[in-house]
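Participant: To start, I am sharing the structure in question, which I have written as structure tokens.
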Amino acid sequence: MSTLGLIGSGNIGSTLARLGVAAGLDVVLSNSRGPQTLADLVAELGPRARAATPAEAAAAGDWVVVTVPLKNYRQVPVEPLAGKIVLDTGNYYPERDGRIPELDAERTTTSELLQRHLPQSHVVKAFNNIYFAHLAALARPSGAADRSALPVAADDPEARADAARLLDLLGYDAVDTGPLAASWRFQRDTPAYVVPYAKNPQGLGIAADDPGAPAGADRLRAALAQARRPAGAAPAAED
């Protein structure tokens, strides 16, 4: 049986844990505060779930999701993730993370920073562009007419395909957007960020109580195509 490791168990992490258990995966959760703080969530999830340290969750996972504030990405364990598929849900919030000049100048992306930190891992950008409540509500079985799609980006094509297999298990189709340099197309404040899955979008944002609406691959691709880099940004590989 495959195992989903989670480094970070907040809104996105706990939602992915629930989807993973529902899909028949074993789940190993971790956070920065220690396994004992996850007792209630583990009890809710049942016998397929257990709490561990970040290093233990990294070692246990066939797929490992890193879902921590960007400012903490250097705390992600390196050696246990060597050779593994690492799915990065991070977004850049300067008011929380502090200013990162490379990101402010659009010279790199958040997942490229994590890839530098994890040089022996295969980092995949995923799950960052959907509100956690919508991630929980919109999961559908494979082949469902109202199944939603999520974008993935990675420098390794095989890693993108492997991530797509995980998305399929969790209830989503995948749209392959190419290398990590292309992940700017679904970063914060782009047309593909949260809005495609909203029932009542508000500009480039949504209300916290928005009930969500399915967004298939065609709708997502259209939103990705609308993305524009700020004037003066360094060109990305696909520009």
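Participant: Where nothing but the Cβ of Lys and Arg (+1) and of Asp and Glu (-1) is charged, how large is the charge dipole of the chain around its Cα centre, in debye to the nearest 20?
Facilitator: The calculation lands at about 260 debye.
Participant: Whole number please: convex hull volume per residue, Cα atoms of the chain, in Å³.
Facilitator: In the chain, the Cα convex hull volume per residue is 122 Å³.
Participant: Name the residue farthest towards the positive end of the dipole of the chain from the options 174, 98, 128, assuming +1 on Cβ of Lys and Arg, -1 on Cβ of Asp and Glu, about the Cα centre.
Facilitator: Of the options given, the answer is 98.
Participant: Just from the alpha-carbon atoms, what are the Rg and Dmax of region 1-125 in angstroms?
Facilitator: Rg and Dmax of region 1-125, Cα atoms, are 14.3, 46 Å.
Participant: For region 118-194, with all protein chains present and a 1.4 Å probe, just round the carbon and sulfur fraction of the accessible area to a whole percent.
Facilitator: 50
Participant: Show me the ranking of peptides 137-143, 1-7, 212-218 by mean Cβ neighbours inside 10 Å, starting with the highest.
Facilitator: Ranked from most to least packed, the peptides come out as 1-7, 212-218, 137-143.
Participant: Under a point spin-label approximation (7 Å from Cα along Cα-to-Cβ), what is the residue 93-residue 189 distance to one decimal in nm?
Facilitator: Going by the 7 Å Cα→Cβ label model, 1.5 nm.
Participant: Additional query: In whole Å and largest first, what semi-axes does the C-alpha gyration tensor of region 69-168 yield when each eigenvalue is scaled by 5 and square-rooted?
Facilitator: 25, 18, 12
Participant: Calculate, for the chain, the solvent-accessible area per residue in square angstrom, rolling a 1.4 angstrom probe over the heavy atoms of the protein chains.
Facilitator: Each residue of the chain exposes 44 Å² on average to a 1.4 Å probe.
Participant: Aspartates and glutamates within cross-link reach of residue 199: Cα-Cα under 12 Å, excluding same-chain residues under 8 positions apart?
Facilitator: In chain and number order, the partners are 209, 210.
Participant: Take the alpha-carbon centre of region 144-175, take the same for region 33-96, and report the distance between them in whole Å.
Facilitator: 20
Participant: Which lysines, if any, have their Cα less than 17 Å from the Cα of residue 125, not counting same-chain residues under 8 positions apart?
Facilitator: Of all the lysines, those that pass the test against residue 125 - Cα under 17 Å, at least 8 places apart if same chain - are 71, 84.
The values are calculated or read from the model by the stated rules, or taken from the named source; none is laboratory data. It should be emphasised that the depicted structure is a prediction, and the values quoted were computed from it without experimental measurement. Because the Cβ atoms are built from the backbone with ideal geometry, glycine has one as well, and the counts that use them run over all protein chains shown. Surface areas here come from the heavy atoms of the whole protein model, side chains and all, with no ligands, DNA or RNA. Shrake-Rupley method; radii C 1.70, N 1.55, O 1.52, S 1.80 Å.
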